[in-house]
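The values are calculated or read from the model by the stated rules, or taken from the named source; none is laboratory data. Quick caveat: nothing in here was measured; it's all calculated off a predicted structure. Cβ: placed from backbone, ideal geometry, glycine included. Neighbour counts: every protein chain shown. Heavy atoms of the whole protein, side chains included, go into the accessibility calculation; ligands, DNA and RNA do not. Shrake-Rupley method; radii C 1.70, N 1.55, O 1.52, S 1.80 Å.
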Amino acid sequence: VGGGAFFQLYIWAYLSKSRPFLSANVNLVIKVNQKLAGWKQKLLSYTGRICLVKHVLSAIPNYWMMVIWIPMSICHKLDRVCSSFIWGDDREAKGVHLMRWETLCKPKVEGGVGLRHMADVNRANFCFLGVKAITQESLWTDLVK
């Protein structure tokens, strides 16, 4: 295995100046699915599944969204994986959908549970990086400029 292949496998994403390919970011979805494979969703309550998605599953892509732009199709796949886990969907049968995904993603004050769409998180992190690149002087901003 070459150095680039190891780096890509370890980091789960390609770091390059060009626009990222979909295949380079599919590893992120695979990583989230691997995390889900160890959890028994049938043994968790509805609230427990929401808590796991909110605090654990959303942290994995959020970490990488702080560094690179994730394509929207990958964000939608991540949303689908999270919603399927919350609702208890599997390959054989669909679970009970107590609330729409859009309702779950609303803030608690508006009647949701405070989950966030991955596309919104991706956009917010990218804007944060832009502001940081404009306002701060560091080795990182010199590299980006």
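Odds and ends about this structure:
- Test: residue in the stretch 1-19 that is more than 21 Å from Ala124 (Cα to Cα), open to solvent by 40 Å² or more (accessible area, probe 1.4 Å) and at pLDDT 80 or above: no
- Residue in the stretch 98-113 that is on the phi > 0 side of the Ramachandran plot, surrounded by fewer than 17 Cβ atoms within 10 Å (Cβ to Cβ) and not β-branched (Val, Ile, Thr) present: yes
- Those residues of the stretch 67-78 which are surrounded by fewer than 18 Cβ atoms within 10 Å (Cβ to Cβ) and closer than 18 Å to Leu115 by Cα, in sequence order: Met72, His76
- Odd one out for Ile60, checked against (1) more than 11 Å from the chain's Cα centre (by Cα); (2) open to solvent by less than 30 Å² (accessible area, probe 1.4 Å); (3) within 18 Å of Leu115 (Cβ to Cβ): (1)
- Test: residue in the stretch 83-101 that is within 22 Å of Leu44 (Cβ to Cβ), hydrophobic (A, V, I, L, M, F, W, C) and in contact with a Pro (Cβ under 9 Å, 6 or more places away or on another chain): no
- Scanning the stretch 114-145 for residues that are acidic (Asp, Glu) and at positive phi yields nothing.
- Scoring Met118 on the criteria (1) open to solvent by less than 60 Å² (accessible area, probe 1.4 Å); (2) free of Cβ contacts under 8 Å to residues at least 12 places away in the same chain; (3) within 18 Å of the chain's Cα centre (by Cα) leaves a single failure, condition (2).
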